[in-house]
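Everything on this sheet refers to the single structure shown next.
Derivation of every value follows stated rules applied to the coordinates shown; laboratory data play no part. All values reported here derive from a predicted model rather than from experimental measurement. Glycine also receives a Cβ, built like all others from the backbone with ideal geometry; neighbour counts cover every protein chain displayed.
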Amino acid sequence: MTQTKSTDSGTKSGSGGRKPRVLAPKLGVLGTLRWLWRQLTSMRTALFLLLILAVAAVPGSIFPQRSIDAGRVTTYLDEHQTIGPWLDKLSMFDVYGAPWFAAIYILLLISLVGCVLPRCVVHAKALRSPLPRVPKRLSRLPASSERTVDASTGDLVEAARETLRRKGYRVRVDDAVDGEQAVTAEGGRLRETGNLLFHLCLLILVLAVAADHLMGWRGDVIVPEGNDTFVSAVGSYNTLDLGPWVNTDDIKPWTLKVNKLDVTFEKNVPKDSPQFGQPRDFIASVTTGSAPGSKTTTRRLAVNDAVKLDGTSVYLLGNGYAPVITVKDPKGKVLYHQATPFLPQDNAYRSVGAVKVPAASPKELGFFGFFLPTATFDDKMGPISTYAGLDNPALVLGAYRGDLFPDGTPQSVYTLNTKKMTQVKDGKSPWRAVVKPGQTVKLPDGTTISMDKKIPRWAGLSARYDPGKGTALGSALLGLAGLIMSMTLRRRRIFFKVRAAGRGEEDDKDFDTNETGPAGGRSLITAGALAKGEDPRLQVALDALLDGIETRLGNTPTSQAGSAR
Amino acid sequence: MITLTPSISFDWGGHATDVGLSNLSNNFLYASAVVLVLAMMSFAADLATYPGRMARAEQREAEAAEKSAAVSAGSSSGGTAVLERTAEGTGAIPEKRQWAGIGMSLSWLGFLLVAACVVLRSASVGRPPLGNMYEFAIVGAFFVMGAFLGWSLRRDVRSLGIFVVGPTVLTEMLAGLVFYTDASQLLPSLKNYWLSIHVTVAILSVAFFTIAFSTTILYFVQKWREDIKDTKYKFMDAVPGSEVMDRTTYGLLIIAFPLWTFTVIAGAIWAQKAWGNYWGWDPKEVWSLVIWVVYAAYLHARATAGWGGKKAAYIALAGFGCVLFNFCVVNIFIVGMHSYSGM
Ligand code: HEM
């Protein structure tokens, strides 16, 4: 708490001059640094940085982000030719990796360290410091009360001590002075402990997340059902994101084969409901091994049910169809025969894909088009799918001849680069074909393309290695515990003075006790309480304590509520 | 690249939706909205009769004071104390606030009706009703009323009734008229027990944020009235002053904040299970973080010298703005993996 009030103390040191000359405070380099540090670690700065962080995070939810969906960023840039490049210069498509975003949270973290570490030291001292003495007049404290109790002073002090102990207070009982015994107690010291724990855990959480970014990796791959076994390696993923500190030797060569993939889609609702055709279930049976040729096990893989392989978690994230397509040249020689994944574009799995046949001659051949699990022809939209299940599967394709890989650069397996290709024509109009399962369709030159009757699915797998996630979770939960401690506990000091009733020295004029009870059997307890910070329930808590003491003594609580508030 | 069509294994029973039950559930929602509108009107009547009630109470007090002055003339020292107590006593037993009583009874009825709506909806789909915006809204209304009525058992909060029941009615109407989604099975990625945990706590904390929003608005109103020494809107004297409203807001937000913290953590755990990534800067995640950071700023503001009172209250308002944005705008208009609005 030392930081809260210290912001401007450093600047006023030179203002004692006689003349109206403005004296710039002579701080020197060290002084300036200290001043800056104090500014940075002040509560006010933390508050501003928090607000700025909140504002800075927003654009990332409004503009498409490269890290999430690079395709949408490209589309956005195409559609916004003027403002797009400017936004890009401001890192609006990479907000969470942008330097200005990093600047904000790094400043916040430094502020946090600078604030929390000194507080830890102060708190550690405070925990060991002795309890203060009882103030003279308890009735002047923010909460106070007094009661006459049917008990000897000794019993009453003992009951007070026990009650306070039970409630987690630190208690000190002073020796009697002039027949009056004082009890001092302090509670809720764990509030500050909880608060510090929360802030420290926040720090650890951020470090753990940073560790995941630096040392973690993620690889995505599409594996058709029943096909060959996938072996994890740097080159075998469709996309691979490596953190800057990842050693590629750490990518272990585990194997995985998708035996079967079961997907169910909603059919029990009216066809015009938005729920119609939504996926309902998605379960794969996979066979895994820790290395090629090693012992394998068959198990279940589903979303929310990842498979762990050698420290890497494999998730089932997507699915689609991979029709087995065969292309033969006019003489019947097989040029292409494989399960070809198509990428779903909508809930009804209208999927795009390409068939690349470099073996064709004299020129390379490429097909491009749609796979439709339940094909229908719409007047406006052309070929569409109306349901994600295989009710009426069809391939709708066009063809191109030429150079499939014009620049030798990597390209998406789902599209053709037609820069150096020409469209295959059937007479004047482009050649188009609809291929149904088991059917064969001829190109004008006699090349044939066919689709197998059985249409396998593919599983979209994501392998992830996140070394920091356990730490992140642990610190988040511990931080939450600290937060709850700091929100629910109250820092309170409680003072009691106990003396035999009727024999008082009248130093407390607010109260007059004229009744004289049976000697030794009645005692007067005067109570006061003090809180750090705001504590609207202080009086209630004090009264509850007194009730607790009386109950402990076997009396019914008198609950004659306190006076001064 | 993989399109995300996440899917799940956790089965809550291949339960076909029961149209009869879900229609019955809708009727309970309408009934609840009507009853709560009546409750609102009763609370309004209670506020409107406040100035008259106060005037009568003052009169009685004056009479009582006369009497007790006569009584205490004899005893010298205890005089003031007795007088105070008597005055307090008449203040504490004012005439019965019939309208407020009716409002509370209607609130309980409206609460039970919306509870029935939630239960029947849940029965009709055979899963917790946490799958789309309509369901979030009805459960939210249920929680707001529950929190308010629970609170009313411990404190006299009748004069806040209209300000809590009002937003609830609004939510129920929005739910029935704008967000309505036919009862159906869940998207597969929602079929997980983490959904129940994450979404239930999220709605619960939003319920607290909502009540805290009402008390923040009341804080501004009362502050304004105190600043201009308002006498025109005397009925607002029934509502506690700005300082109490400020403290009440704080009290509500220190409940809501840890709940929201837990919501974000549970969401991250769920995202790790379902998508393999505990934090992916999805718009919904971003806005949850923004809400969290803004309310953290509010708590800091309360502890920073010179930032209490109005400034902190503005931050609390901004926080609730983010809550609304997260629920209404992000769910419907922003593309992300949380597009479960069912719209
Ligand atoms: C990184 C972002 C931060 C977050 C999310 C955060 C969050 C919180 C929360 C939730 C509280 C509890 C408030 C209460 O008990 O009423 C709190 C208290 C506190 N924070 Fe932070 N904090 C952050 C950074 C900082 C920094 C940088 C400082 C140092 C300047 C700081 C200093 C404090 C202090 C002194 C308290 C105690 C206030 C009190 O006793 O009421 N915090 N913080």
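Summary of computed values
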| item | result |
| --- | --- |
| Cut-off 20 Å (backbone N to label point 7 Å along Cα→Cβ of residue A:48), residues of region A:107-125 | A:107-116 |
| Kirkwood-Stokes translational diffusion coefficient of region B:186-343, alpha-carbon pairs, 20 °C, 1.002 mPa s, µm²/s | 126 µm²/s |
| Hits among aspartates and glutamates - C-alpha to C-alpha of residue A:532 under 19 Å, sequence gap 8 or more where chains match | A:186, A:192, A:543, B:243, B:246 |
| Cα gyration tensor, region A:395-436 - rounded (a/c under 1.5), prolate or oblate | oblate |
| Rough spin-label spacing in nm, given labels placed 7 Å along Cα→Cβ, for residue A:452 and residue A:245 | 4.6 nm |
| Lysine pairs in region A:218-376 with Cα atoms under 23 Å, if 8 or more residues apart or on separate chains | 13 |
| Average other protein chain Cβ within 10 Å of Cβ, residues A:290-302 | 1 |
| FRET efficiency for residue A:271 and residue A:413, using Cβ-Cβ distance with R0 set to 35 Å, rounded to 0.05 | 0.60 |
| Gyration tensor verdict on region A:186-281 (Cα atoms; rounded if a/c is under 1.5, prolate if a/b is larger than b/c, oblate otherwise) | oblate |
| Average partner coverage of B:262-269, which counts Cβ from other chains inside 10 Å | 3 |
| Filtered trypsin sites (Lys or Arg not before Pro), region A:262-295: DSSP coil and at most 11 other beta carbons within 10 Å | A:271, A:295 |
| Label-point separation in nm, residue A:30 to residue A:106, each point 7 Å along Cα→Cβ | 2.7 nm |
| Mean residue ellipticity (222 nm) of the protein assembly as shown, computed from DSSP H runs ≥ 4 via -39,500 (n - 2.57), nearest 500 | -15000 deg cm²/dmol |
| Spherically averaged projected area of the protein assembly as shown from its Cα convex hull (nm²) | 53.1 nm² |
| Full-stretch length increase - residue A:207, residue A:333 - with 0.36 nm per residue and alpha-carbon distance subtracted | 39.5 nm |
| Using a Förster distance of 56 Å, the FRET efficiency for residue B:56-residue A:123 (Cβ separation, nearest 0.05) | 0.55 |
| Per-peptide average of other Cβ atoms within 10 Å, ordering B:202-215, A:118-131 highest first | B:202-215, A:118-131 |
| Inter-label distance, nm, simple model (7 Å from Cα along the C-beta direction), residue B:151/residue B:170 | 1.5 nm |
| Length added when fully stretched, residue B:243-residue B:196, from 0.36 nm per residue minus Cα-Cα | 13.2 nm |
| Within straight-line cross-link reach of residue B:284, lysines at Cα separation under 24 Å, skipping those fewer than 8 residues along the same chain | A:469, B:191, B:273 |
| Estimated FRET transfer efficiency when R0 is 30 angstrom, pair residue B:328-residue A:478 (beta carbons, to 0.05) | 0.35 |
| Options A:450, A:99, B:100, ranked by Cα towards positive dipole end of the protein assembly as shown, top entry (Cβ charges) | A:99 |
| Rounded to whole Hz, the Karplus (6.51, -1.76, 1.60) HN-Hα couplings of region A:417-426, x for glycine and proline | 8, 9, 4, 10, 10, 10, 6, 6, 10, 10 |
